[in-house]
Amino acid sequence: MRDLVVAGGGPVGLATALYAARAGLDVVVREPRAGVVDKACGEGLMPGAVARLRELGVHPAGQPITGIRYLDGRGRTAEAPFRRGSGLGVRRTTLHAALLDRVERADIPVEHTAVKAVVDRETHLLVDGSPARYLVGADGLHSPVRRLVGLGGTPTRSRRYGLRRHFAVTPWSSHVEVHWAGGAEAYVTPVGPHQVGVAVLSAERLPFEVLLDQFPRLLDRLRDADGAGAVRGAGPLRQRVTGRVRGRVLLVGDAAGYVDALTGEGIALGTAQAEAAVRAITADDPASYAVSSRRLGRRHELLTLGLVTATRAGPVRRMIVPAARRLPRVFAAAVDQLARPQ
């Protein structure tokens, strides 16, 4: 009988497996897709996420990120540096490859098949007929495991979507830039010496090029840059859950509920949840994860949901950058909260 099956071989699932192996658990990863997998995301790792990856022996190549800069269409800017080390702009494929390599070096098996059935026998689970003490669902925004065990919440009416594309251009800043427009935000992350990633979040399901037209100053930067690779999308972003634990099944990462990509904390929060879940499994106390996961997610949910809710109103959106300029200490404190380790 396995100690743990991890459903999902993305970054958070692989981090869960690494924490489990380090704790001496017999773990297997179940991921239907083989090889390195790309995904629409902002590709900026907060300092807390970088520290956690290093702790696991994962050192992806990327571009240092020194802070956050907000910009609006009138040329106004506000920026705040990270106080607790540098972040890292990393291509999603580069991050995934580094984690896969670390998992392989740790002799953790990865089986290319999805989890399709879970039966709770109280003392253990049957995962597709095979016994396991625990199952961690780390299978993403639209988690099949979450659905299988009945932890999905009521869908929200307010929906936002994300699109991302890379551009071959030398990064002009070591900050992640957040460009604010009337109905969307564009995130610019340096991910290589001659490449940036541009992610656009919006409630409107429009082509990437149409959404990008809302940011003329950013378009000026990208006018002579070649697009690198296809546009990738994700959404709807908001995913509710009724809980993160059901018997011997624990949810981590995007599978454990998702607010929005606005604050860029996905990997930092997901890896913190992964460690907490493994700690609960090692103690044979899954209920303790229900408590620790709420604590870990509280700051992220308050900041992200508050900002997303407030900026639905046009007048508030127009005041975001001016307010950050007038209250630099408040803006810096908010950035520090996002950047610090979970």
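The values are calculated or read from the model by the stated rules, or taken from the named source; none is laboratory data. For clarity, every value in this text was computed on a predicted model and none was experimentally measured. As a convention, Cβ positions derive from the backbone with ideal geometry for all residues, glycine included, and neighbour counts pool all protein chains shown. Just the protein is used for accessible areas: all its heavy atoms, side chains included, with ligands, DNA and RNA removed. Shrake-Rupley method; radii C 1.70, N 1.55, O 1.52, S 1.80 Å.
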Point to revise | Single match in 204, 185, 209 (criterion: acidic (Asp, Glu) and either crowded, with 17+ Cβ neighbours inside 10 Å or modelled with pLDDT of 95 or more (or both)) | key: 185
Exercise for review: Enumerate the pairs (first residue in region 60-72 and under 14 Å from residue 320 (Cα atoms) and touching a residue at least 24 places away in the same chain (Cβ under 8 Å); second residue anywhere and assigned to a strand (DSSP E or B) and hydroxyl-bearing (Ser, Thr, Tyr)) with beta-carbon separation below 7 Å, excluding pairs fewer than 6 apart on the same chain, so at least 6 apart or on different chains.
Suggested key: 69/77; 70/77; 71/77
Revision key, fill the gap. When residue 241 is run through (1) among the aliphatic types (A, V, I, L, M); (2) open to solvent by less than 20 Å² (accessible area, probe 1.4 Å); (3) under 30 Å from residue 119 (Cβ atoms), the failure sits at (2)
Revision key, fill the gap. Within region 82-109, the count of residues that are at pLDDT below 95, out of contact with any strand residue (DSSP E or B) (no Cβ under 8 Å at 6 or more places or on another chain) and open to solvent by 50 Å² or more (accessible area, probe 1.4 Å) comes to 2
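Would you check if residue 43 is under 14 Å from residue 136 (Cβ atoms), open to solvent by less than 40 Å² (accessible area, probe 1.4 Å) and of a type in the set (D, E, K, R)? Full working, then the answer.
Numbers: under 14 Å from residue 136 (Cβ atoms): no; open to solvent by less than 40 Å² (accessible area, probe 1.4 Å): yes; of a type in the set (D, E, K, R): yes.
No, not satisfied.
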Review point. Can you find a residue in region 296-316 that is at pLDDT 80 or above and either under 28 Å from residue 20 (Cα atoms) or out of contact with any Lys or Arg (no Cβ under 9 Å at 6 or more places or on another chain) (or both)?
Key: yes
Practice item. Would you point out the residue of region 217-238, among those that are open to solvent by 40 Å² or more (accessible area, probe 1.4 Å) and closer than 28 Å to residue 277 by Cβ, that is modelled with the lowest pLDDT? Key: 238
Point to revise | Residues satisfying the stated conditions in region 149-160, i.e. closer than 23 Å to residue 39 by Cα and crowded, with 20+ Cβ neighbours inside 10 Å | key: 160
